[in-house]
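The structure appears below as structure tokens.
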Amino acid sequence: MLAMNYRGPYRVRAEEKPMPVIEHPRDAVVRVTRSCICGSDLHLYHGLVPDTRVGMTFGHEFCGTVEEVGSAVENLKAGDHVLVPFNIACGQCHFCKQGMFGNCHESNPQATAVGAIYGYSHTAGGYDGGQAQYVRVPYADFGPTMIPDWMDPDDAVLLTDVVPTGYQAAEMGGIKQGDTVVVFGAGPVGIMAARCSWLFGAGRVIVIDHVDYRLDFVRDYGPAEVYNFREIDDMAVFIKKQTDGLGADVCIDAVGGDAAGSKLHTLFGVKLKLEAGSAIPLHWAINSVKKGGIVSIVGVYGPTGNMVPMGNVLNKGLTIRANQASVKRLLPRLIEHVKEGRINPKALITHRAGIEDIADAYHIFSAKLDGCIKPVLVPNAA
């Protein structure tokens, strides 16, 4: 089969790889109909996530048609069209029973923190992902969800990560009626977090980024007020001036370790890798939120230390909430939101490619060329 193959930072290509097979009675093999390149994949692509090994296939956002199931899988059969949450979750461990499917304790040998994630380095289990024609799906009797007949596959594939991650970012913010929410990052997750903030009762949504076409997009899609941080001298002072001197009620970090905006953090976190990526969005969020406010973090950082102003967290009485989205828990309400037209996931899709064009697709997305918001791969278009 044809699949994306990681060869090192900024180097990916399409190559023939062995077909996946059933390795456990709870497995399935899925023929991929849609896959995405995620902003989180760019952290891998840029070499910021430890133990990302040469030869790995990325891709934690995909849907497809079931080809084969293991002997213990009773709720799926060949021919079913399913969306597959990016969390690889057993559904039975201590954390899965609490609905913390992003923290499954069985799927990842290194699960002291995160559970397993498709195509996301050996720190997240070492599983190959869905930027391929076929993929092995563990715990197929729990994770995959049938795609409703009325749903567009372009909507379905975005329900595997972008929509639930943006939704959970807003949910973790504890947004109350009339709250002012500031989202740092106008990538797909930040855009979705802005959109979902309204569903929780936000009275005002502000998005910060430095890429004008992304700001233009979220201004309409959010809708949101937008500001370019390149034009702001002091983020905390700026946000306080926008909020009667108090600060935002909720700040959401939807960027993670690739963030621009600070030469110091770029040097330490991106160039020298002395911290787990550039933590400048966390500084902005912590310093811009009001006393007693909530900081919600869904941006991805590597599993090492960061320079974070914890003294400000303590002295301001802040609540910090962060996690990988528990997709399976959120899917019923998100499917309903899509059905009722409250969320339009496929509007984020700007580019399509086949696996054979994977290197160009990564370059366009990474370099923010051609107005790219969200690239979708169609591995079996032929």
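The values are calculated or read from the model by the stated rules, or taken from the named source; none is laboratory data. Only a predicted model underlies this, so the values are computations on that prediction, with no experimental measurement involved. We place every Cβ from the backbone using ideal geometry, glycine too, and count neighbours over all the protein chains shown. Ligands, DNA and RNA are excluded from the accessible area calculation, which covers all protein heavy atoms including side chains. Shrake-Rupley method; radii C 1.70, N 1.55, O 1.52, S 1.80 Å.
Numbers for the structure displayed
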{"read-out": "For the chain, built as a Gaussian network whose Cα springs stay under 10 Å, the top-fluctuating residue of Pro153, Pro109, Pro345", "value": "Pro109"}
{"read-out": "Antiparallel bridge percentage (DSSP; both residues within the chain; nearest 5)", "value": "50 percent"}
{"read-out": "Long-range amide H partners of Lys374 with built H, under 5 Å", "value": "Thr350, His351"}
{"read-out": "The chain: angle of helix 162-172 to the longest principal axis, Cα-based, in degrees nearest 10", "value": "40 degrees"}
{"read-out": "Listed residues Ile252, Ile286, Ile239, most fluctuating in the chain (Gaussian network, C-alpha, under 10 Å)", "value": "Ile239"}
{"read-out": "Entries in Lys176/Lys291; Lys17/Lys328; Lys97/Lys176; Lys346/Lys374; Lys77/Lys97 that, when Cα-Cα distance is taken, lie over 20 Å", "value": "Lys17/Lys328; Lys97/Lys176; Lys77/Lys97"}
{"read-out": "Amide proton proximity set for Ser107, modelled H, under 5 Å, gap of 5+", "value": "Cys90, Ala116"}
{"read-out": "Probe 1.4 Å - accessible area at Tyr301, Å² to nearest ten", "value": "50 Å²"}
{"read-out": "Solvent-accessible area per residue, Å², over the chain with all protein chains present [probe radius 1.4 Å]", "value": "40 Å²"}
{"read-out": "Under the Karplus curve 6.51 cos²θ - 1.76 cosθ + 1.60, θ = phi - 60°, whole-Hz ³J(HN,Hα) for segment 226-243, x wherever Gly or Pro sits", "value": "10, 9, 8, 5, 5, 9, 10, 6, 9, 4, 5, 5, 4, 5, 5, 5, 7, 10"}
{"read-out": "Placed amide H near Gly59: partners under 5 Å, 5+ positions off or other chain", "value": "Gly130, Gln131"}
{"read-out": "Per DSSP, loop GluC sites (Glu not before Pro) in segment 57-135 with at most 16 further Cβ within 10 Å", "value": "Glu74"}
{"read-out": "GluC sites (Glu not before Pro) within segment 322-362, DSSP loop, no more than 16 other Cβ atoms inside 10 Å", "value": "Glu340"}
{"read-out": "Estimated 222 nm signal from helices in the chain, with DSSP H stretches of n ≥ 4 weighted -39500 (n - 2.57), rounded to 500", "value": "-7000 deg cm²/dmol"}
{"read-out": "Of all accessible heavy-atom area on the chain, the percent that carbon and sulfur account for (1.4 Å)", "value": "51 percent"}
{"read-out": "In sequence order, calculated HN-Hα J values of segment 250-259 (Karplus, 6.51, -1.76, 1.60; Hz; x Gly/Pro)", "value": "9, 10, 10, 8, 10, 10, x, x, 8, 5"}
{"read-out": "Of Gly130, Gly371, Gly115, the one that fluctuates the most in a GNM where the chain has Cα springs shorter than 10 Å", "value": "Gly371"}
{"read-out": "Pairwise FRET efficiency - Ala367 versus Leu246, Cβ, R0 = 41 Å, nearest 0.05", "value": "0.60"}
{"read-out": "Exposed-loop-free span, longest in the chain, where trypsin sites (Lys or Arg not before Pro) count as exposed if DSSP calls them loop and at most 11 other C-beta atoms lie within 10 Å", "value": "78-382"}
